[in-house]
4 protein chains.
Amino acid sequence: MTTGHAGHGYLGNKDDVLKRLRRIEGQARGLQRMVEDEKYCIDILTQVSAMTKALQSVALGLLDDHLSHCVVRAAAVGGAEAEEKVREASEAIARLVRS
Amino acid sequence: MTTGHAGHGYLGNKDDVLKRLRRIEGQARGLQRMVEDEKYCIDILTQVSAMTKALQSVALGLLDDHLSHCVVRAAAVGGAEAEEKVREASEAIARLVRS
Amino acid sequence: MTTGHAGHGYLGNKDDVLKRLRRIEGQARGLQRMVEDEKYCIDILTQVSAMTKALQSVALGLLDDHLSHCVVRAAAVGGAEAEEKVREASEAIARLVRS
Amino acid sequence: MTTGHAGHGYLGNKDDVLKRLRRIEGQARGLQRMVEDEKYCIDILTQVSAMTKALQSVALGLLDDHLSHCVVRAAAVGGAEAEEKVREASEAIARLVRS
């Protein structure tokens with residue numbers, strides 16, 4: 001039994017999303033070790049770029065699942081619910097593009 | 001009579017999109033003048049950032065219109081057409097986030 | 001005789017920068033034609049992404065020239081002038097990364 | 001005694017950089033909890049955008065320190081060393097802008 005909203009788009013990929021996030025958590029720890037060991041700044045920046053790309057990739061996957069499930073389902077119903085879901089998705093996309 | 005696919009999401013905002021694109025074209029010409037007049041590099045970069053933000057803003061507007069119209073319409077029909085529209089939108093979002 | 005600050009980093013590549021900016025101006029005009037001809041939203045978005053990448057590429061070129069010339073020259077002098085140039089460059093980089 | 005290259009730009013801010021990276025690691029764990037608890041996709045995406053911004057902010061800080069110290073020091077020496085440091089910094093900036 002879950003406390004969540006049943007039927008989120010990403011639930012079919014939950015294990016994959018969790019695996020990617022654990023890897024990203026590991027990258028954050030790896031960066032701390034690099035700073036503690038006083039590694040070269042440029043090498044640290046290369047790892048930060050890799051971690052940013054990994055995060056973006058998680059975001060794009062979640063967004064695709066969200067459009068495929070929540071937005072498509074709301075659109076099938078139509079009306080205010082569809083409009084609200086599209087508005088919400090567009091705002092999330094804008095935050096991603098601008099971050 | 002149009003030669004285009006009737007009913008694109010942005011058609012209701014066509015004049016607004018064209019006005020923004022003309023302003024962006026003007027920014028591109030302004031940048032050329034700055035380079036010809038040998039303005040300071042940092043001032044040129046500031047204008048490039050402003051132009052990039054203006055372009056992103058056009059893209060986010062087009063995408064929102066696309067989700068509200070084409071994707072919602074395809075979702076109401078459902079099936080392969082809905083899946084194809086979502087896949088296409090997700091790919092466009094990924095290109096925006098990564099550019 | 002120029003009215004500009006003699007010795008900007010990009011001056012050696014002025015023709016190349018101008019050529020790229022003219023191409024970007026052409027992309028802005030091409031986008032207007034696509035909207036006037038009511039082309040498919042996703043195809044317009046693909047062109048916007050290409051134009052954004054072209055703009056970023058101009059920015060990265062200008063920044064590299066700026067670091068190689070203005071910043072290196074100020075650093076050779078040292079003191080407040082060097083600090084000021086680095087601060088200015090860092091702010092321009094932040095605007096690019098966030099745009 | 002450190003095993004690192006003495007004098008990296010960020011060493012003066014080492015504790016601050018580590019604190020920010022620990023907070024980012026915490027955000028990665030928070031995201032895993034949100035997925036496990038099946039929170040709403042859009043709320044998860046909002047947290048991903050916040051985490052991406054935090055990472056970018058660390059990167060911009062490291063880069064500013066790098067320019068202020070390593071690049072300025074190499075530029076004072078001049079020659080191939082200065083060119084190499086600028087090339088390396090420009091490549092790191094390009095990776096950040098494109099990620």
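Among the hydrophobic types (A, V, I, L, M, F, W, C), in contact with a Phe, Trp or Tyr (Cβ under 9 Å, 6 or more places away or on another chain) and more than 22 Å from D:SER99 (Cα to Cα): which single residue out of C:VAL86, C:VAL77, C:VAL72, C:VAL17 fits that description? Steps first, answer last, please.
Numbers: C:VAL86 fails: in contact with a Phe, Trp or Tyr (Cβ under 9 Å, 6 or more places away or on another chain); C:VAL77 fails: in contact with a Phe, Trp or Tyr (Cβ under 9 Å, 6 or more places away or on another chain); C:VAL72 fails: in contact with a Phe, Trp or Tyr (Cβ under 9 Å, 6 or more places away or on another chain).
So the residue among C:VAL86, C:VAL77, C:VAL72, C:VAL17 that is among the hydrophobic types (A, V, I, L, M, F, W, C), in contact with a Phe, Trp or Tyr (Cβ under 9 Å, 6 or more places away or on another chain) and more than 22 Å from D:SER99 (Cα to Cα) is C:VAL17.
Taking C:LYS14, is it among the charged types (D, E, K, R) and modelled with pLDDT under 95?
Working: among the charged types (D, E, K, R): yes; modelled with pLDDT under 95: yes.
So C:LYS14 fits the description; yes.
Would you mind stating whether A:HIS69 is surrounded by 14 or more Cβ atoms within 10 Å (Cβ to Cβ) and in contact with a Gly (Cβ under 9 Å, 6 or more places away or on another chain)? Working first, answer last.
Values: surrounded by 14 or more Cβ atoms within 10 Å (Cβ to Cβ): yes; in contact with a Gly (Cβ under 9 Å, 6 or more places away or on another chain): yes.
Against the criterion (surrounded by 14 or more Cβ atoms within 10 Å (Cβ to Cβ) and in contact with a Gly (Cβ under 9 Å, 6 or more places away or on another chain)), A:HIS69 qualifies.
Looking only at region C:82-91, which residues are more than 10 Å from chain D (Cβ to nearest Cβ) and closer than 16 Å to B:ILE44 by Cα? Explain how you work it out, then say what you get.
Looking only at region C:82-91, we keep the residues that are more than 10 Å from chain D (Cβ to nearest Cβ), and these are C:84, C:88.
Selection gives C:GLU88 alone.
For region D:40-63, enumerate the residues that are in contact with a His (Cβ under 8 Å, 6 or more places away or on another chain) and either under 29 Å from C:ILE93 (Cα atoms) or not hydrophobic (A, V, I, L, M, F, W, C) (or both). Before the answer, list the steps.
If we filter region D:40-63 for residues that are in contact with a His (Cβ under 8 Å, 6 or more places away or on another chain), which is where we start, we get D:40-42, D:45.
Answer for region D:40-63, where residues must be in contact with a His (Cβ under 8 Å, 6 or more places away or on another chain) and either under 29 Å from C:ILE93 (Cα atoms) or not hydrophobic (A, V, I, L, M, F, W, C) (or both): D:TYR40, D:LEU45.
Checking the structure you have, find out if any residue of region C:34-57 is within 17 Å of the chain's Cα centre (by Cα) and more than 30 Å from B:LYS14 (Cβ to Cβ). Step through it out loud before you land on a result.
So in region C:34-57, the residues within 17 Å of the chain's Cα centre (by Cα) come out as C:48-57.
Now drop any that are not more than 30 Å from B:LYS14 (Cβ to Cβ), which leaves none.
Checked region C:34-57: no residue is within 17 Å of the chain's Cα centre (by Cα) and more than 30 Å from B:LYS14 (Cβ to Cβ).
Sort through A:ALA94, A:ALA74, A:ALA28 and tell me the only one that's farther than 30 Å from D:ASP15 by Cβ, at pLDDT 95 or above, touching an Asp or Glu at 6+ places or on another chain (Cβ under 9 Å) and crowded, with 19+ Cβ neighbours inside 10 Å. Spell out how you get there, then give the answer.
Numbers: A:ALA74 fails: at pLDDT 95 or above; A:ALA28 fails: farther than 30 Å from D:ASP15 by Cβ.
None of the other options fit; the residue is A:ALA94.
The values are calculated or read from the model by the stated rules, or taken from the named source; none is laboratory data. As the structure is a prediction and not an experimental result, all values here were calculated from the model. Here the Cβ is made from the backbone with ideal geometry for all residues, glycine too, and neighbour counts use every protein chain on show.
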